[in-house]
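Accompanying notes for the structure given below.
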Amino acid sequence: MAAVATCGTGVGSTGSIVAATSKNNVTSFQRKGPRASGTDSGCSRLVSIAGTRPSVRNGQLLVSTGLPALDQLLGGGLAVGTVLLIEEDKYNIYSSLLFKYFLAEGIINGHTLLVASAKEDPADILQELPAPLLDDNYKKDFDEDVCNHQTPDSNIKMKIAWRYQLLPKIESGPVSSSRFGHYYDASKRMPQELIEASKWHGFFFPEKLSSTLNIEPCSLTHGYRKLLQFIQKVIYEEGFDGSNPQKKQKNILRIGIQNLGSPLWGDDICCTENCDNSHSLTKFLYVLRGLLRTSLSACIITMPTHLIQSKAIIARVTNLSDTVVGLESFIGSERETNPLYKDYHGLIHIRQIPRLNNLIYDVSDVKDLAFKLKRKLFTIERLHLPPDLSDTVSRSSKQDLAESSKLLGPGCGMMAGGKQHLDF
Amino acid sequence: GVNLTAARECGQLVFLEGLKSSVDVFFRAQAEPHPLQFLREADAGNLQPLYEFVREALKPVDDGQAAWRCPVLLVDDLSVLLSLGLGAVAVLDFIHYCRVAVCWERKGNIVTLVHDSGDGEDEENDILLNGLSHQSHLILRAEGLATGFCRDVHGQLRILWRTPSQPTAQRDGSLTYQYKIQDKSVSFFAKGMSPAVL
């Protein structure tokens, strides 16, 4: 199994990970507890499933989205049993990339995959997954890719923007545990043997269409009902609902649904504003969420929200999802030529983060986030900071700042810089 | 805190979980009736089974101990019912029936949650919201700040009393507080009195 293989290399290469972290100027501070135990996930009691870790905030089991920078923005990762909804960019370039990252992360961790699409054959989607940057070679690639863009400004420090220096880098390099969240090389394909070793189920809508003989009256569109029945069957038969726990090692089911709501699924919400089965999509999401809540699974959905005619449906869909992330690419818009955005390929909007066992969520102060696709890596960066008007203004109390940085989870090693004193 | 599990065991709390039941209703056979059976019907008609469920839960249990008085019906949230294919009128009917059963017959209270996007796009939801506002005695309206995101003030709460003879209320019957949500609690303060600016 792929899970065993990756775990083996992970334990063996601890030395190289430490080397990598020190080189990237991360503090030697290591948190005891959940995260430390996540490092050796193979043999820990707390985390028994590869590629998962408990949330530091609320103890929910998290899985990675396949993009560590996004994990960090979502409060450490995607909670098991929840839905991540990606609002597609206009030409579906970057959203399909996030979709593939999510699936690739599942393959690396040995999770079972369920891929549903009305457009491409799931087998083809799997063939196009990006290659992971593992252990030794990822460091080289990563440094190379980052240095190309970072070196010029590392020497020239802008004094006027000193608040930016104290910030943890969102896109900073591989952090302590490489078992949770990996980096992927968008320019290479996933090795064939990894795909073959993985366990996956495909739902290709045009294939299932042929068996439409006895349509029983149901308020759901045919495609959605078939898909729900398929997912339920997989969850039930493979024991993801915990029905027969002694059967085998617990595993995570990663569900990916592509272009949900598009006309290819037989849905007409993209065509008219007042359509007959406008409740199909919302109903589907509701039942899907019920399925996920009672099983060890996480789901990513990409949805062409720019096609949906009625704004009311988008609002309802957002309410029925857990995490909602919107992508807005600059391609074809006038922002493409705007000098403000010249370094980026688009904006990323974190529209909704679930509150699980808690009143608040890990909210990052920065709402203006932009993404860019480098030669190999997809990175997320801050566009600019909001004005600093809080009751705990960072320059007066560094203590609070350091505390808040702890909550941010991994990748905030740059806070070491907060110790240097700034006098005015 | 309050031990809800214990309350549920002794019959003080009756809980119907929509998400979990929806899976049961959707994938099980057609036979047995269920409070949420409109989920499997082609055109979702009304919420009568759900109302029957509420009535059943309100029935006094005669096993010697004192019956619970002044019941409270909490519905979270009504807007989801619209997403599941019910009409606004069906939901309003349901609440009306519940009002008679809970508020009038048993001197209890009803607390419901409705979304309000505020942009008037979702017509069904607006019908529901206006209909409920018309019936309710107290409206709490939580909304974000008009000036946008702020780290120390998460939003404001408007309290609107619709019963005229409310001694504590202001002259116009409404109050506005701002709030900040913390880990386990929410702190309220008067407008513009956030610790951040004082």
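The values are calculated or read from the model by the stated rules, or taken from the named source; none is laboratory data. None of the values given here were measured: they were computed from a predicted structure. Using ideal geometry, Cβ is built from the backbone for each residue, glycine included, and neighbour counts are taken over all protein chains shown. Heads up: the accessible areas ignore ligands, DNA and RNA and are worked out on the full protein's heavy atoms, side chains in. Shrake-Rupley method; radii C 1.70, N 1.55, O 1.52, S 1.80 Å.
Give me the percent of the accessible area of segment B:137-198 that comes from carbon and sulfur atoms, probe 1.4 Å, all protein chains in place.
55 percent
Using the structure shown, select from A:LYS119/A:LYS226; A:LYS226/A:LYS376; A:LYS233/A:LYS376; A:LYS367/B:LYS180 the pairs with a Cα to Cα distance greater than 27 angstrom.
In this structure, A:LYS226/A:LYS376; A:LYS233/A:LYS376 exceed 27 Å between Cα atoms.
Can you work out the FRET efficiency for the pair B:GLU41 and B:LEU198, with r the C-beta to C-beta distance and R0 = 60 Å, to the nearest 0.05?
The value I calculate is 0.60.
So which trypsin sites (Lys or Arg not before Pro) in segment B:86-129 end up in coil per DSSP with only 11 or fewer other C-beta atoms within 10 Å?
Qualifying residues, ordered by number: B:LYS107.
Chains A and B: what accessible area do they bury, summed, in square angstrom to the nearest 100, with a 1.4 Å probe?
Heavy-atom accessible area buried at this interface is about 3000 Å².
Suppose R0 equals 56 Å. What FRET efficiency, 1/(1 + (r/R0)^6) with r the Cβ-Cβ distance, do A:SER187 and B:GLU52 give to the nearest 0.05?
Efficiency, rounded to the nearest 0.05: 0.40.
Can you list residues from other chains, or at least 5 along the same chain, whose modelled amide H is less than 5 Å from the amide H of A:LEU129?
Excluding prolines and chain starts, which carry no amide H, the hits are A:MET190.
Can you figure out the FRET efficiency of A:GLN127 with B:ILE127, using R₀ = 51 Å and their beta-carbon distance, to the nearest 0.05?
For A:GLN127 and B:ILE127, the calculated efficiency is 0.55.
Quick check: at a probe of 1.4 Å, how many percent of the accessible area of segment B:4-136 sits on carbon and sulfur atoms?
53 percent
Over chain B, calculate the relative contact order: mean separation of alpha carbon pairs under 8 Å at least 6 apart, over the residue count, as a percent.
12 percent
Compare B:PHE38, B:PHE188, B:PHE53 in a GNM of chain B, Cα atoms joined below 10 Å, and give the one with the largest fluctuation.
B:PHE188
Give me the number: length gained by fully extending B:ASN109 to B:GLU143, i.e. 0.36 nm times residue separation minus the C-alpha to C-alpha distance, one decimal in nm.
Taking 0.36 nm per residue and subtracting the Cα distance, the gain is 9.9 nm.
Leaving out ligands and nucleic acids, note down the accessible area per residue over segment B:4-136 with a 1.4 angstrom probe, in whole Å².
It amounts to 60 Å² per residue over segment B:4-136.
Could you list which residues have their amide H under 5 Å from that of B:ILE110, counting only those 5 or more apart in sequence or on another chain, with H placed in the peptide plane?
So B:ILE110 has HN proximity to B:LEU73.
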